[in-house]
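The values are calculated or read from the model by the stated rules, or taken from the named source; none is laboratory data. Bear in mind that the values here come from a model prediction, so they are computed numbers and not experimental data. Methodologically, a virtual Cβ is constructed for each residue, glycine included, from the backbone with ideal geometry; neighbour enumeration extends over all protein chains shown. The area values use the complete protein model at the heavy-atom level, side chains included, leaving out ligands, DNA and RNA. Shrake-Rupley method; radii C 1.70, N 1.55, O 1.52, S 1.80 Å.
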Amino acid sequence: MVRDLRSRGLATRAVHAGERKRPDGFIPISTPIYSTATFIYDHLSEIDSISAGERSGFTYSRHGNPTNAAFEEAVASLEGGGVALSVASGMAAILLALLCVGVEQGTTIAASQDLYGVTTKFLFDVAARWGARIEFVDVLDPDKRKDIWKLEPKVLLLESLTNPLLRIPDLPSLVKEAHAHKTCIVVDNTFATPLLLRPLEHGADCVVHSATKYFGGHGDLTGGVVVVQEEYGAEVRHLARLVGAILGPFEAWLALRGIKTLPLRFGRHCENAQRLAEWLAVHPRVEAVYYPGLDSHPDSQLAKTLFGGAGSGGVLSLKIRGARREDIFRFVDSLELFLKATSLGDVQSLVLYPAISSHRDLSPKQRERLGITDNLIRLSAGVEDFEDLKNDLEQALAKL
Ligand SMILES: Cc1ncc(COP(=O)(O)O)c(C=O)c1O
């Protein structure tokens, strides 16, 4: 530390004055935003022993940061264990997860055909370039599951609640079969959140989240998290340092704050989504509603057993009877409370048109095969008053 700072020159004082005060016995109620690239110690030997892994501590923010560590601990705690690592986005989390479970040249990635469109594109445009073989598989039909293992995949990548039709793979059965075939399972748990499902507790090897969604919850950050079983802990930390797509401490702080109200918000998201789904299901302008909390949904039973009565999520999709693209544009433009945002999981209700956004990169034929028709709309129920959300949809449907 600089001694006798007041006797030094102005430039020296400008750089050092006021900095690096040790906490004087107080503990801030909220973890501070450690906006610092490096951490210093009185003795060089301390940095040496931290770098050698002999003691805990922080040296360089790409290797770890106290604000990020607090967020990571919160996520690991909610996911029921493992080691969590925060990264710059949900896509960075997917990249890190695949590297962590050993995807490399010549390995096969079995990917659910119902993945988020950009994840599918990532597999083609990035993972395939590493020399990985990408095979799209049906993880929903029990009769087709044996075809997956014939491919001898290194990893099976799936979403626990799919986008936009909200299908639910039978994760406990898939994990059992995958491990019997020496296949790792990576689960994108963004839509379900750990409040509905904790894949590590079912034996999954790795969980990824886009923290941009429910963890942040307010549409004000981009972030991601990877949570791995303990056995992958050292590897995920090692790879994260090399990839370098770390989460900034401000975003980590926002996400940590977001998590504090996640159970409150998510309960309300689920309640609003359930009530909207039930109301829309009998609306004359609506052809179909996709929500696992409805008995008509093919996975409603699985939702009950797997999610343990915690709800069925905050996202629902609907098909508007006879609507063409221009009708959908008119409908969406008429909405006032549902904001036209390409995201989900925010306190604000959001509306998304999959054909031009999340699944834009797929050909019309691919979309049709996945059931993503031109009259399909996805809603993310916010935490507003239900009656206001219902009235907003009603007035927009009336304009069709
Ligand atoms: C299920 C799912 N996974 C991953 C992502 C990517 O997350 P991010 O936008 O934070 O990179 C998204 C984004 O919409 C998503 O919906």
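Step through the residues of region 65-76 one at a time and calculate ³J(HN,Hα) from phi using the Karplus curve (6.51 cos²θ - 1.76 cosθ + 1.60, θ = phi - 60°), rounding each to whole Hz and writing x for Gly and Pro. Running phi through 6.51 cos²θ - 1.76 cosθ + 1.60 with θ = phi - 60° gives 8, x, 5, 4, 4, 5, 5, 5, 5, 5, 5, 4 Hz.
Looking at region 148-240, the trypsin sites (Lys or Arg not before Pro) that sit in a DSSP loop and have at most 13 other Cβ atoms within 10 Å of their own Cβ are Lys182.
Mind pulling the per residue volume of the convex hull built on the Cα atoms of region 1-82? Å³ is fine. Numbers along the way, then the final one.
On the way: hull volume 11.7 nm³, N = 82.
About 143 Å³ per residue, rounded to a whole number.
When every Cα-Cα distance of region 29-142 is counted in 10 angstrom steps from zero, the calculated P(r) takes the values 11, 30, 28, 20, 9, 1, 0 percent.
Sorted from longest to shortest, the spans of the Cα atoms of region 216-346 along the three principal axes equal 55, 36, 26 Å. Note on the chain: with charges restricted to the Cβ of Lys and Arg (+1) and Asp and Glu (-1), its dipole about the Cα centre is near 740 debye. Short-range pairs are left out: with C-alpha atoms under 8 Å and at least six residues apart, the relative contact order of region 166-265 is 22 percent.
Backbone amide hydrogens, once placed in the peptide plane, bring Ile185 within less than 5 Å of Leu156, Asp205, Cys206, excluding anything fewer than 5 places away on its chain.
Taking Pro292, Pro169, Pro142 as the candidate residues, the one with maximal mean-square fluctuation in a Gaussian network model of the chain, Cα springs under 10 Å, is Pro142.
Report Rg/Rh for the chain, rounded to two decimals, where Rg is the Cα radius of gyration and Rh the Kirkwood radius. Walk me through the numbers before you get to the answer.
Numbers: Rg = 23.3 Å, Rh = 22.6 Å.
Ratio of gyration radius to Kirkwood radius: 1.03.
Note on region 300-347: along the principal axes its Cα atoms extend 40, 27, 15 Å, ordered by decreasing extent.
Once you sort the root eigenvalues of the Cα gyration tensor of region 149-289 as a ≥ b ≥ c, which label holds: rounded (a/c under 1.5), prolate (a/b larger than b/c) or oblate (the other case)?
Here region 149-289 falls in the oblate category.
Only alpha carbons enter this Debye calculation for region 198-255, each as an equal point scatterer, and the log10 of I(q)/I(0) it gives at q = 0.12, 0.22 Å⁻¹ is -0.33, -0.94. Close amide H contacts of Ala111 (hydrogens built in the peptide plane, cut-off under 5 Å, sequence separation of 5 or more or a different chain): Glu135, Phe136, Val137, Leu157.
Relative to the dominant Cα principal axis of the chain, helix 325-334 is inclined by about 60°.
Along region 115-121 the Karplus relation, 6.51 cos²θ - 1.76 cosθ + 1.60 evaluated at θ = phi - 60°, assigns HN-Hα couplings of 6, 3, x, 6, 5, 4, 5 Hz to successive residues, with x for each Gly and Pro.
Close amide H pairs (under 5 Å, H built 1.01 Å from N) link Val286 with Arg321, residues at least 5 positions away or on another chain. Averaged over its residues, the chain has an accessible area of 47 Å² per residue, based on protein heavy atoms and a 1.4 Å probe. Measure nothing but the geometry: give the 0 to 90° angle between the long axis through the Cα atoms of 233-243 and the longest principal axis through the Cα atoms of the chain, rounded to 10°. Taking Cα atoms only, the helix is inclined about 90 degrees. For region 15-20, the Karplus equation 6.51 cos²θ - 1.76 cosθ + 1.60, evaluated at θ = phi - 60°, returns couplings of 6, 9, 4, x, 8, 6 Hz by residue, with Gly and Pro reported as x.
Shown for the chain: the carbon plus sulfur share of the solvent-accessible area, taken with all protein chains present and a 1.4 angstrom probe, equals 52%. Bridge orientation summary for the chain: considering DSSP beta bridges with both residues in this region, about 55 percent are antiparallel. Choose one of Gln274, His359, Leu247: the residue whose Cα lies farthest towards the positive end of the charge dipole of region 243-400 (beta-carbon charges +1 Lys, Arg; -1 Asp, Glu; about the Cα centre). Going by the Cα projections, it comes out as His359.
Along the chain, the exposed loop sites are GluC sites (Glu not before Pro) outside DSSP states H, G, I, E and B with at most 15 other Cβ atoms within 10 Å, and the longest stretch free of them is 105-335. Over all projection directions, the Cα-based convex hull of region 122-211 averages an area of 6.1 nm².
The calculated 222 nm mean residue ellipticity attributable to helices in the chain amounts to -10500 deg cm²/dmol, summing -39500 (n - 2.57) over DSSP H runs of n ≥ 4 and dividing by all residues.
For region 285-400, the average shadow cast by the Cα convex hull is 7.5 nm², which is a quarter of the hull's surface.
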